[in-house]
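S.K.: Pasting a structure here, questions to come.
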Amino acid sequence: MDKKKILHFIPAIIFLVFIFSMSLLFLFLPKKDYSVNEKRYLAEFPKTTFENIVFGDFDTEFETYMADHVAGRDFFVGTNAYYNLATGRNGSNGVYAGKDNYLINDPIDRENKLESNLNIFAEFTKANNLNTNLMIIPSTGYVMSDKLPNNHKDYLDEQYFDTIQENLGDMKFINVMNSFKLAAQGGDQLYYRTDHHWTTPGAYLGYLQYCKSVGLTQMPEEAFSKTTVTGFYGTTYSTSALWNTPPDNIEFWENRANLGAVSVKITEGEKVTEHDSYFFMSHLEEPDKYPTFLDGNHALVEIKNENAKGGKLLVIKDSFAHAMVPFLSEHYSDIIMVDLRYYKKPISELVKQHEINDCLVLYSLDNFATDTDIAFLA
């Protein structure tokens, strides 16, 4: 066989060697349960039951299993993300690669549940005779618009905030939009670069706006001892697959005067645990460090501060509240924090049981406008 014919077969030979090698690696490499970069559990091998095989579920689940455990998955996922970026498809995976290493989620769909969710909370407030304050945190893309790439979808936060103002019922709206815009223009980092949450300085600014609105004297920044931890990667980093993005710092502000005075009781179903700090530092050893604030998402969390002179506050929230509630605890001796994604009992019973008058509804705009669990509020 002459050399030209041999060269003709080289691409096919390389392809076959690649496929054979990847198959061997898939078979013999140990399978991981969790992806550190993607911050999620990987698919398990599907159950080989009669129903699974007959009805086609096995095939679908096996394809997912193979995709999750292919050798070099992080490399291929990352390569695809950077290829999209290089070919002008920034944001194709739902995250924009912005300036100064900001990774920013694209805006929510225009068709959303914002108005209906507002009406549900307005009815809940009226039915339970609550003094309810509503705080919705604007999107990173709106506040940090100068960090976005040139081509991006429109962030309609201003329109959504107008909708909020028009559908409050008996609630009071604490509008932080202007203060956040001004602070961001002044150089404050209010949102993480690699995560959708606000930073501790961002949460503190939200706390200042809350105090101003309800007439509380805020604790000055100097009252808090600050701990800075490096190496934080958030959910937008995981979604983007832009693995070369540098990490964030994450800060914990603690009033040393409250040491020994704070208790945190976490209830998940029948399991109840009690702790003596807002900050669960063991999470710093894990891939996801944000649960260091109040141990992450739980159905029901009750926070007591013996040094606080105020009364009780019900906080209905998403995970943005975790960084701000420790500041609020300076003023309320008892905070009952509820996450509607996990708490399935009637909130009205909780209001009666604890004799609650004051309520704070605290969500990011993205979550509030898309949350389907709010429909079960009662």
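S.K.: For residue 152, which of the numbered conditions (1) in contact with a Gly (Cβ under 7 Å, 6 or more places away or on another chain); (2) surrounded by fewer than 16 Cβ atoms within 10 Å (Cβ to Cβ) fails to hold?
M.R.: Residue 152 satisfies all of (1) in contact with a Gly (Cβ under 7 Å, 6 or more places away or on another chain); (2) surrounded by fewer than 16 Cβ atoms within 10 Å (Cβ to Cβ) except (2).
Residues are listed down the side, and each one gets a yes or a no for (1) within 23 Å of residue 224 (Cα to Cα); (2) at pLDDT below 95; (3) crowded, with 20+ Cβ neighbours inside 10 Å:
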{"position": "303", "(1), (2), (3)": "yes, no, yes"}
{"position": "316", "(1), (2), (3)": "no, no, yes"}
{"position": "320", "(1), (2), (3)": "yes, no, yes"}
{"position": "323", "(1), (2), (3)": "yes, no, yes"}
{"position": "345", "(1), (2), (3)": "no, yes, no"}
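So that you can scan it fast, the table gives a plain yes or no per residue for (1) under 23 Å from residue 99 (Cα atoms); (2) in contact (Cβ under 8 Å) with a residue 40 or more places away in the chain; (3) not assigned by TED's automatic domain parsing to the domain that holds residue 289:
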| position | (1), (2), (3) |
| --- | --- |
| 113 | no, yes, no |
| 118 | no, yes, no |
| 126 | no, yes, no |
| 130 | no, yes, no |
| 133 | no, yes, no |
| 157 | yes, yes, no |
| 182 | yes, no, no |
| 209 | no, yes, no |
| 213 | no, yes, no |
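S.K.: A follow-up question, please. Those residues that are in contact (Cβ under 8 Å) with a residue 12 or more places away in the chain and out of contact with any strand residue (DSSP E or B) (no Cβ under 9 Å at 6 or more places or on another chain), I need them from region 186-202; list them, please.
M.R.: Listed by number, the list holds a single entry, 188.
S.K.: Moving on. Which residue, of 274, 285, 222, is in the same structural domain as residue 332 (by TED's automatic domain parsing) and under 23 Å from residue 196 (Cα atoms)?
M.R.: 285
S.K.: Additional query: If you go through region 247-301 one residue at a time, how many are out of contact with any strand residue (DSSP E or B) (no Cβ under 8 Å at 6 or more places or on another chain) and under 20 Å from residue 331 (Cα atoms)?
M.R.: Adding up the residues that qualify gives 3.
S.K.: Still on this structure: Given the conditions (1) at positive phi; (2) modelled with pLDDT under 95, and given that residue 285 satisfies all but one, which numbered condition is not satisfied?
M.R.: That leaves (1) as the condition not met.
S.K.: Filter region 343-378 down to the residues that are closer than 23 Å to residue 216 by Cα and more than 21 Å from the chain's Cα centre (by Cα) and list them by number.
M.R.: Those that are closer than 23 Å to residue 216 by Cα and more than 21 Å from the chain's Cα centre (by Cα): 351, 354, 355, 356, 357, 358, 359.
The values are calculated or read from the model by the stated rules, or taken from the named source; none is laboratory data. Owing to the predicted nature of the structure, the values given are computational and were not obtained by experimental measurement. All Cβ positions, even for glycine, are placed from backbone atoms using ideal geometry, and neighbour counts span all protein chains on display.
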